[in-house]
């Protein structure tokens, strides 16, 4: 078995290869003046290959497709730590595409199996025409945290399972806030009195995109007397000034995984991916 990593997941791909004690295949990348991408696999490949690439942009999706086309092996396992477009898993309005399906179909043509991490909605599984596995990072993240008198908070009802998972592993309390989405980018957090006075709070979610929801939640919890507020998420999209928003709201620290490689990617998902692949 070999591991081949795309541009967006070079560090994570290297860690997975180390965990599995297999060869990491060298790949060269370049972009032509017109914006087209080019890549070349520089080492020989085994019959079984693991391709690792997060879809963090349109460009990285194209990079993944080119990489899959270049890999000529009998068995390809495609690891997509962060799958962009997965939140558009159905038509919310007439005339919209099902973006998750549009992304899944071409990947399926090359792959024997696809592995994702904390996918936003498991409905996405239906759009892959190959074996599909979703791994959970929150259990792994929970073991990395050490908080004093903690409570785990979900920013909305949809994230309750994630908060509960972390809390149960550590024997902590958990609760959730009430969020109403007013548009694709605007949300409203309804105040909810939770016993956080003098306590360490951990807010957990699968994705931090703009930081708007999280920053509102942090401000609310600080006003209710939280001693410190930590933010934990699997996928640190952190667009624009999201990190600034979180710290300005009173965040103590941001703890994310390396599904997207950012400065806050303090917990690696390489061990859980490697364990699944062995």
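Table for the structure above
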{"item": "Per-region count, the range 158-179, residues closer than 19 Å to residue 118 by Cβ and either over 19 Å from the mean Cα position of the chain (by Cα) or outside the structural domain of residue 221 (by TED's automatic domain parsing) (or both)", "result": "7"}
{"item": "Helices (runs of 4 or more DSSP H) contained entirely in the range 183-277, each with at least 1 residues that are under 19 Å from the mean Cα position of the chain (by Cα) and at pLDDT 95 or above", "result": "242-248, 270-277"}
{"item": "Meets criteria (out of contact with any helix residue (DSSP H, G or I) (no Cβ under 9 Å at 6 or more places or on another chain), in the same structural domain as residue 211 (by TED's automatic domain parsing) and touching a residue at least 60 places away in the same chain (Cβ under 8 Å)) for residue 144", "result": "yes"}
{"item": "Checking residue 226 against (1) in contact with a helix residue (DSSP H, G or I) (Cβ under 9 Å, 6 or more places away or on another chain); (2) farther than 19 Å from residue 176 by Cα; (3) surrounded by 20 or more Cβ atoms within 10 Å (Cβ to Cβ), the condition it does not meet", "result": "(2)"}
{"item": "Test: residue 87 is under 17 Å from the mean Cα position of the chain (by Cα), over 24 Å from residue 45 (Cβ atoms) and at pLDDT below 95", "result": "yes"}
{"item": "Test: residue in the range 120-136 that is touching a strand residue (DSSP E or B) at 6+ places or on another chain (Cβ under 6 Å), closer than 26 Å to residue 56 by Cβ and at pLDDT below 85", "result": "no"}
{"item": "Boolean, residue 123 is under 19 Å from the mean Cα position of the chain (by Cα) and assigned to a helix (DSSP H, G or I)", "result": "yes"}
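The values are calculated or read from the model by the stated rules, or taken from the named source; none is laboratory data. Just so you know, these numbers come straight off a predicted model, no measurement behind them. All Cβ positions, glycine included, derive from the backbone under ideal geometry; neighbour counts span all protein chains shown.
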